Structure formats: C-alpha cells, structure tokens
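Asks: Take this structure, written in structure tokens, and hold onto it; I'll ask about it next.
The values are calculated or read from the model by the stated rules, or taken from the named source; none is laboratory data. Bear in mind the structure is a predicted one, so any value in this text is a computation, not a measurement. Here the Cβ is made from the backbone with ideal geometry for all residues, glycine too, and neighbour counts use every protein chain on show. For the accessible areas, the whole protein counts, side chains as well, though only heavy atoms, and no ligand, DNA or RNA atoms are used. Shrake-Rupley method; radii C 1.70, N 1.55, O 1.52, S 1.80 Å.
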Amino acid sequence: MAKNIQSLERAAAMLRLLAGGERRLGLSDIASSLGLAKGTAHGILRTLQLEGFVEQDAASGRYQLGAELLRLGNSYLDVHELRARALVWTDDLARSSGESVHLGVLHQHGVLIVHHVFRPDDSRQVLEVGAMQPLHSTALGKVLSAYDPVAHSEVMEAERRSFTGRTVTATDAFESMLDLIRAQGWAADAEETWEGVAAVAAPIHDRRRMPVGAVAVTGAVERVAPGGTLRPELIAAVRDCARAVSRDLGAGRF
C-alpha cells in the first residue's frame, strides 16, 4: 500500500480546522491543535496562502480559508447543477439552430466541455464531453475570459497561440475584444481556432450573479456565418438559452 504524504495530510488537516469552529485562527492555535511545531505549521500555511487556499488577516495575523478554495468548492457544485439545469435548454437550442451545442466551464487554464448536444441530423459526429478548448480563441473561452476574473487573469498571463491567421493574440487587441464582448453580451469565433468552423457563445450566471459557464452553438462557417456575417437569429438563440439556464440557476433576469 502506498504511503500517505505527510505534508499533504497536514495541509488537509489545517483546511479542515479552518473550515470549522472559529472563523480565524492564529499560528499558535493551529500549531497546538494539530500538534505541530510553529515553524512547520507556518511553512504549510505559507504554501497554502501562496496558492490562494488560505488568507491571512493583515491586522490580526490570523488565518482563514481563502477565496480559491471556496471557488473550487463552488465550481464543483456549480458544474453538476449547471449541466442538470442546461439539459432541456441546450437540447432546444440544438433543435432550433440545427447545429451542435457545447456547454463549457473554466478548468486548468482552458475550457472544459461538460455537455455536448449533437447537431440534429444524420451526420457522423464525435462526442466532445471532456475535451478542452483554449480560452483566447474559442467563443466559449472568450466569453469566460470577458466575464470571469479568474479566467481573465489566466488568459492574460498565458501564451496566446495563433491557431489560424484570424486568431487574436496581441494584448491590446485582445483586451479590446473582451471589452466588446462585455458590451454586447456574446462572443464569436469565426475560424480563429479551426479552419471552416464558427461558433457563437454567451455567458451563464448563477444565483450570485457570478459566471459559472458558457453555452455555444458551433458549426460550419458557411452555415453559422454565411458571407462572413454571423446569423443574428443564432446570436439571439444562444443568448436566450444562456439567460434561461441562468434563470434556472437563480440568477433572475438579465
């Protein structure tokens, strides 16, 4: 049997300690509660703090759970609820648009596809649930980058690879594009990631009005954007779907 890693066990014990009882604990309290030397406890707390799992109050020096840990916990719950709430609406969107529909969430510096509705025809298609898409060049990724502060930080810090001649990679141009996405409420990808493929996406919000994912219609560029212009009815349908899922998640009207 593999041995447990002691430092990880201690870190997990600290997180459980901070999750219960008093809201904030000092270094001495944490060390004595876990039977650790102060130096050992401080080293683990420092690592957890650097990763965002623990925060230290500047005035008192006491520690509490960090925003990153809370975000991860919420995202786990959100993904399952998001997919459950989106099932009917994404099916309807695929039928009305005649194209594939993808539901994506932020994951490991990219977009994780958590639900995929096939294009409603008899063509051969591959299920893409579990696939990863880039943040900077896909409609799903750009929507998340525009609305989710964590996604925005990740996409700005990462290398933005040019997949086609249409991929926007320059920092100023990319930020301007995100400003436009926030102003219009949707994003597009017209052959910026894959030649011949176009997509339109809109953000989904939860009851806290926080972005928890995005939904997109994806298809051949000649169908989604004939003549180089996105079909306005597709944009409206995607936005309506995103609003419907958001309402089901408790976000109210947008």
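Asks: Considering only the range 180-229, state which residues are surrounded by fewer than 20 Cβ atoms within 10 Å (Cβ to Cβ) and of a type in the set (A, V, I, L, M, F, W, C).
Replies: Correct list: Leu180, Ala183, Ala190, Trp194, Val197, Met210, Ala220, Val221.
Asks: Would you check if there is a residue in the range 235-249 being modelled with pLDDT of 95 or more and touching a Ser or Thr at 6+ places or on another chain (Cβ under 6 Å)?
Replies: Taking every residue of the range 235-249 in turn, at least one turns out to be modelled with pLDDT of 95 or more and touching a Ser or Thr at 6+ places or on another chain (Cβ under 6 Å).
Asks: Do we find that Arg124 is in contact with an Asp or Glu (Cβ under 8 Å, 6 or more places away or on another chain) and open to solvent by 70 Å² or more (accessible area, probe 1.4 Å) in this structure? Write out each step before concluding.
Replies: Working: in contact with an Asp or Glu (Cβ under 8 Å, 6 or more places away or on another chain): no; open to solvent by 70 Å² or more (accessible area, probe 1.4 Å): yes.
Spelling it out, it is not the case that Arg124 is in contact with an Asp or Glu (Cβ under 8 Å, 6 or more places away or on another chain) and open to solvent by 70 Å² or more (accessible area, probe 1.4 Å).
Asks: Here is a further query. Kindly provide the set of residues from the range 50-73 that are closer than 15 Å to Leu17 by Cβ and in a helix (DSSP H, G or I), ordered by number.
Replies: Correct list: Leu69 only.
Asks: Could you check the range 172-211 and list, in sequence order, the residues that are charged (D, E, K, R) and part of a helix (DSSP H, G or I)?
Replies: Answer for the range 172-211, where residues must be charged (D, E, K, R) and part of a helix (DSSP H, G or I): Asp172, Glu175, Asp179, Arg182.
Asks: Would you be able to tell me the number of residues in the range 38-68 that are without any contact (Cβ under 8 Å) to a residue 12 or more places away in the chain and open to solvent by 50 Å² or more (accessible area, probe 1.4 Å)?
Replies: Within the range 38-68, the first condition is being without any contact (Cβ under 8 Å) to a residue 12 or more places away in the chain, and the residues that meet it are 38-39, 43, 46, 50, 56, 58-59.
When the remaining residues are screened for being open to solvent by 50 Å² or more (accessible area, probe 1.4 Å), the result is 38-39, 46, 50, 56, 58-59.
Residues flagged as without any contact (Cβ under 8 Å) to a residue 12 or more places away in the chain and open to solvent by 50 Å² or more (accessible area, probe 1.4 Å) within the range 38-68 amount to 7.
Asks: Could you go through the range 139-147 and let me know if any residue there is open to solvent by 20 Å² or more (accessible area, probe 1.4 Å) and either touching a strand residue (DSSP E or B) at 6+ places or on another chain (Cβ under 9 Å) or not polar (S, T, N, Q) (or both).
Replies: Here is the first cut: in the range 139-147, the ones open to solvent by 20 Å² or more (accessible area, probe 1.4 Å) are 147.
Narrowing further to those that are either touching a strand residue (DSSP E or B) at 6+ places or on another chain (Cβ under 9 Å) or not polar (S, T, N, Q) (or both): 147.
For the range 139-147, residues open to solvent by 20 Å² or more (accessible area, probe 1.4 Å) and either touching a strand residue (DSSP E or B) at 6+ places or on another chain (Cβ under 9 Å) or not polar (S, T, N, Q) (or both): present.
Asks: Restricting attention to the range 131-171, and to residues there that are part of a loop (DSSP other than H, G, I, E, B) and charged (D, E, K, R), which single residue is nearest to Asp189 (Cα to Cα)?
Replies: Pass one, the range 131-171, residues part of a loop (DSSP other than H, G, I, E, B): 131, 134-138, 148, 158-170.
Okay, now just the ones that are also charged (D, E, K, R), so 148, 159-161, 166.
Values: Asp148: 18, Glu159: 18, Arg160: 15, Arg161: 15, Arg166: 9 Å.
Among those that are part of a loop (DSSP other than H, G, I, E, B) and charged (D, E, K, R), it is Arg166.
Asks: May I ask you to list the residues in the range 232-254 that are open to solvent by less than 60 Å² (accessible area, probe 1.4 Å) and without any contact (Cβ under 8 Å) to a residue 60 or more places away in the chain?
Replies: Step one: filter the range 232-254 for residues open to solvent by less than 60 Å² (accessible area, probe 1.4 Å), giving 234-238, 241-242, 244-246, 249-252.
Those that are open to solvent by less than 60 Å² (accessible area, probe 1.4 Å) and without any contact (Cβ under 8 Å) to a residue 60 or more places away in the chain: Ile235, Ala236, Ala242, Ser246, Gly250, Ala251, Gly252.
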